[in-house]
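Everything on this sheet refers to the single structure shown next.
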Amino acid sequence: LCLNILAQSPDAVKINLPTGFSSEVVAKNLGHARHIVVNSNGDIYIKLERLRKGSGIIRLRDKNGDGKIDDTTGFANYIGTGIAIKNGYLYASSNTAVYRYKLNNNEPDVDHPETIVSGLLDRNEHNSKSIALDNDGNLYVNIGAPSNACQLQNRVTGAPGQDPCPLLDIAGGIWRFDANKTDQKFEDGVRYATGIRNVVGLDWNTSTNTLFLMQHGRDGLQDYHFFPD
């Protein structure tokens, strides 16, 4: 289990764990990490929200099997959130696209990324493209709504919401694409789930063939006052 902990001194962070579990810091000072995935050989891939030395993906490798990271490399010159491994490929997202890299003997072909889908909505609000893949060749992508609560005036106290919300045709849900088809556009996707403001985390449960989501709920509830009838 890999956790990203934002702290000035990660060595000083105390994590309470159940009996039989332990924790240790495997890497520090990697920047603004978003999602993390671990390959079958133990390599850890981290997607960054901001570039670190020109790289948006960091790979951590334990070369000699002693449980310590002794090789840190970076690649991909785009920021983003989503990262996943499926069927011999490393998938990663920017805020507008999803790419994949062929894993040849656990080495990503960083010089020949394939663009799976591009042209995804990015209006600088809820623009992270979290991703998940199932076992039937489908790629699921979050497209967050560029709004707090689909209000007529965004983030204005007392501004009414819109019903129906016009943003739901292009955002505020999960879109499904072909995980093995390159150069797709937004129009090639299928709206799989809607009415979901912004999904930070998602994963496919291979046992039940079900997509699980963690929604980022609306802001500003502290600014509203409700009175009984």
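The values are calculated or read from the model by the stated rules, or taken from the named source; none is laboratory data. As the structure is a computational prediction, the values presented were derived from the model and not from experiment. Quick reminder, even Gly has a Cβ in these numbers, built from the backbone with ideal geometry, and neighbours come from all protein chains shown. The protein model used for the area step is the full one, side chains on, heavy atoms only, and it has no ligands, DNA or RNA in it. Shrake-Rupley method; radii C 1.70, N 1.55, O 1.52, S 1.80 Å.
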> Is there a residue in the range 210-218 that is open to solvent by less than 40 Å² (accessible area, probe 1.4 Å) and part of a strand (DSSP E or B)?
Replying inline: yes
>> Which numbered condition in (1) modelled with pLDDT of 95 or more; (2) more than 24 Å from residue 179 (Cα to Cα); (3) among the charged types (D, E, K, R) is the only one that residue 59 fails?
In response: (2)
> Which residues, taken from the range 90-122, are of a type in the set (A, V, I, L, M), within 25 Å of residue 73 (Cα to Cα) and either modelled with pLDDT under 95 or in a strand (DSSP E or B) (or both)?
Replying inline: 90, 92, 98, 103, 116
>> For the range 194-209, give me each residue that is open to solvent by 30 Å² or more (accessible area, probe 1.4 Å), among the small types (Gly, Ala, Ser) and either assigned to a strand (DSSP E or B) or free of Cβ contacts under 8 Å to residues at least 24 places away in the same chain (or both).
In response: 207
> Does the range 23-30 include one or more residues that are within 25 Å of residue 203 (Cα to Cα), at pLDDT 90 or above and either in a strand (DSSP E or B) or open to solvent by 40 Å² or more (accessible area, probe 1.4 Å) (or both)?
Replying inline: no
>> Given (1) part of a loop (DSSP other than H, G, I, E, B); (2) open to solvent by less than 50 Å² (accessible area, probe 1.4 Å); (3) in contact with a helix residue (DSSP H, G or I) (Cβ under 9 Å, 6 or more places away or on another chain), identify the lone condition not met by residue 125.
In response: (3)
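Do you know which of the residues in the range 175-229 that are aromatic (Phe, Trp, Tyr) and more than 18 Å from the chain's Cα centre (by Cα) is modelled with the highest pLDDT?
224
Just give me the residues in the range 181-193 being part of a strand (DSSP E or B) and under 15 Å from residue 131 (Cα atoms), in sequence order.
Just the residues of the range 181-193 that are part of a strand (DSSP E or B), to begin with: 184-185, 190-193.
Scanning the range 181-193 gives 190, 191, 192, 193.
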>> Kindly evaluate residue 81 against the criterion of being in a loop (DSSP other than H, G, I, E, B) and either closer than 14 Å to residue 47 by Cα or among the basic types (Lys, Arg) (or both).
In response: yes
> Name the pairs whose Cβ atoms lie under 8 Å apart, with the first residue in the range 40-53 and assigned to a loop (DSSP other than H, G, I, E, B), the second open to solvent by less than 60 Å² (accessible area, probe 1.4 Å) and polar (S, T, N, Q), and 6 or more positions between them or separate chains?
Replying inline: 40/106; 41/106; 43/106
>> Go through the range 54-72 and report how many residues are more than 10 Å from residue 30 (Cα to Cα), part of a strand (DSSP E or B) and either of a type in the set (Ser, Thr, Tyr) or out of contact with any strand residue (DSSP E or B) (no Cβ under 6 Å at 6 or more places or on another chain) (or both).
In response: 1
